[in-house]
1. Look at segment 228-257 and say how many of its residues are part of a helix (DSSP H, G or I) and more than 16 Å from the ligand (Cβ to nearest atom).
2. If you check Tyr166 against the conditions, is it modelled with pLDDT of 95 or more, more than 22 Å from the chain's Cα centre (by Cα) and under 25 Å from Asp219 (Cα atoms)?
3. Determine which member of the set Thr235, Thr199 is touching a Leu at 6+ places or on another chain (Cβ under 9 Å) and surrounded by fewer than 23 Cβ atoms within 10 Å (Cβ to Cβ).
4. Does any residue of segment 99-114 turn out to be under 17 Å from the mean Cα position of the chain (by Cα), closer than 15 Å to Gly154 by Cα and within 13 Å of the ligand (Cβ to nearest atom)?
5. Pull up segment 48-66, narrow it to residues that are of a type outside the set (A, V, I, L, M, F, W, C), in a loop (DSSP other than H, G, I, E, B) and in contact with a strand residue (DSSP E or B) (Cβ under 9 Å, 6 or more places away or on another chain), then point me to the one that is nearest to the ligand (Cβ to nearest atom).
6. If a residue must be outside any strand (DSSP E or B) and within 15 Å of the ligand (Cβ to nearest atom), how many such residues does segment 82-98 contain?
7. Considering only residues of segment 155-182 that are among the acidic types (Asp, Glu) and more than 26 Å from Leu14 (Cβ to Cβ), which is nearest to the ligand (Cβ to nearest atom)?
Amino acid sequence: MLSLSAYPIQNIELKNRIVMPPMCMYSAINGFVQPFHLTHYGSRAIGGVGMVIVEATAVSPEGRITDQDLGIWDNQFIEGLQSLVQEIHRYGAKAFIQLAHAGRKSMSSATPHIAPSAITFSEEYEQPVAMDIDDLIRFKQCFVNAANRALKAGFDGIEIHGAHGYLLHEFLSPLSNHRDDNYGGSLDNRARLLRELITDVRSTIGKQAVLQVRISATDYDPEGITPQDIIEILTPVKEHLDFVHVSSGGNALRRIDLKPLYQVPFSKTIKEGLGLPTIAVGLIHTMEEAEAILANNEADLVAFGRELLRNPYIVIQAYAKEKDLDHLPEPYLRAFK
Ligand SMILES: Cc1cc2nc3c(=O)[nH]c(=O)nc-3n(C[C@H](O)[C@H](O)[C@H](O)COP(=O)(O)O)c2cc1C
């Protein structure tokens, strides 16, 4: 099966094409990894997933969605994250981490909550403070420092969270970015922060780790961003990226027509338009669906989110079905023979 075949990238090899996408568990204490995280991510690794992406991990305290998010804004977080990487590696998965800043969608007790413009997301959220140039410089420095710490913790790859209405997406979208400086207005200006960050992170990590960005392909709003915009935004920094993780929405209160595989067409458009490998995600539930997406060249890797929360063993069940017993955890063999 294509979905169970290896995928070499940079200096690593994913043992298959199935990804655990980042999912906030809101179970950290003061940003620190807890025993829960070791069991939670370790279970998906033992379940056979090729790439485990650790949930949105905040690059600064006010960049957390809640006070229960994981943190990476200080060196004291490295040790816990290192244990998490070891746990993921123990079972043959590659360990990735999503680095994030929640921007105007932060509900953390740390303040100020910052954003490109002082525009509130919804009644549930506070009005953010518009970032000045010093804030932008500080934000980029936090991100680069976080990338360095991720390397020290031993992560194989870094995912920059540029989706779901959080800080970087807020800059990209004209719905949330009303700035009149170099970081607002035209698409090129709105793309500036993300492009600078991708360039800075790549120059920091070199070829030591895989680099990917998660984007929302559309705001589902006539005034918002489109898949074509994403292609334009990422083209100048394409050489720095290994994957684009294609999600959608999160920056506007719009009804989304949710149905199985609903984001896969965006993955295909971006893969073809940008010429970079993509990860497809969103209401994908079976290995057969994953196989079809890969066979149709709609993506290079496929992520199961909530499905992996329900069933951590979906991938080893597929190995067993293929009679590929070498990929099963040895202590579990008696359950599958
Ligand atoms: C509990 C939960 C937490 C999530 N946290 C994150 C996150 O930290 N970062 C992110 O980019 N997406 C997050 N997402 C979105 C998922 O990564 C994924 O894109 C989404 O669930 C759709 O995939 P699925 O239908 O396979 O679950 C989260 C989703 C869930 C269900």
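The values are calculated or read from the model by the stated rules, or taken from the named source; none is laboratory data. Only a predicted model underlies this, so the values are computations on that prediction, with no experimental measurement involved. Reconstructed Cβ throughout: ideal geometry from the backbone, glycine too, with neighbour counts over all protein chains shown.
1. Count: 12.
2. Details: modelled with pLDDT of 95 or more: yes; more than 22 Å from the chain's Cα centre (by Cα): no; under 25 Å from Asp219 (Cα atoms): yes.
Taking the combined requirement at face value, the residue does not satisfy it.
3. Working: Thr199 fails: touching a Leu at 6+ places or on another chain (Cβ under 9 Å).
After applying the criteria, what remains is Thr235.
4. Yes, segment 99-114 contains at least one residue that is under 17 Å from the mean Cα position of the chain (by Cα), closer than 15 Å to Gly154 by Cα and within 13 Å of the ligand (Cβ to nearest atom).
5. At the first step, the residues of segment 48-66 found to be of a type outside the set (A, V, I, L, M, F, W, C) are 48, 50, 55, 57, 60-64, 66.
Now restrict to residues that are in a loop (DSSP other than H, G, I, E, B): 48, 50, 60, 64, 66.
Filter once more, so that each one left must be in contact with a strand residue (DSSP E or B) (Cβ under 9 Å, 6 or more places away or on another chain): 48, 50, 60, 64.
Numbers: Gly48: 16, Gly50: 16, Ser60: 16, Arg64: 11 Å.
So, considering only residues that are of a type outside the set (A, V, I, L, M, F, W, C), in a loop (DSSP other than H, G, I, E, B) and in contact with a strand residue (DSSP E or B) (Cβ under 9 Å, 6 or more places away or on another chain), the one nearest to the ligand (Cβ to nearest atom) is Arg64.
6. Within segment 82-98, the first condition is being outside any strand (DSSP E or B), and the residues that meet it are 82-93.
With within 15 Å of the ligand (Cβ to nearest atom) added as a condition, the list becomes 84.
Of the residues in segment 82-98, 1 are outside any strand (DSSP E or B) and within 15 Å of the ligand (Cβ to nearest atom).
7. Step one: list which residues in segment 155-182 are among the acidic types (Asp, Glu), which gives 156, 159, 170, 180-181.
When the remaining residues are screened for being more than 26 Å from Leu14 (Cβ to Cβ), the result is 170, 180-181.
On the way: Glu170: 14, Asp180: 30, Asp181: 28 Å.
Among those residues, the one meeting the criterion is Glu170.
So that you can scan it fast, the table gives a plain yes or no per residue for (1) out of contact with any strand residue (DSSP E or B) (no Cβ under 7 Å at 6 or more places or on another chain); (2) small (Gly, Ala, Ser); (3) in contact (Cβ under 8 Å) with a residue 24 or more places away in the chain:
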{"residue": "Ile158", "(1), (2), (3)": "no, no, yes"}
{"residue": "Gly165", "(1), (2), (3)": "yes, yes, yes"}
{"residue": "Phe171", "(1), (2), (3)": "yes, no, yes"}
{"residue": "His178", "(1), (2), (3)": "yes, no, yes"}
{"residue": "Ala191", "(1), (2), (3)": "yes, yes, yes"}
{"residue": "Leu194", "(1), (2), (3)": "no, no, yes"}
{"residue": "Ile198", "(1), (2), (3)": "no, no, yes"}
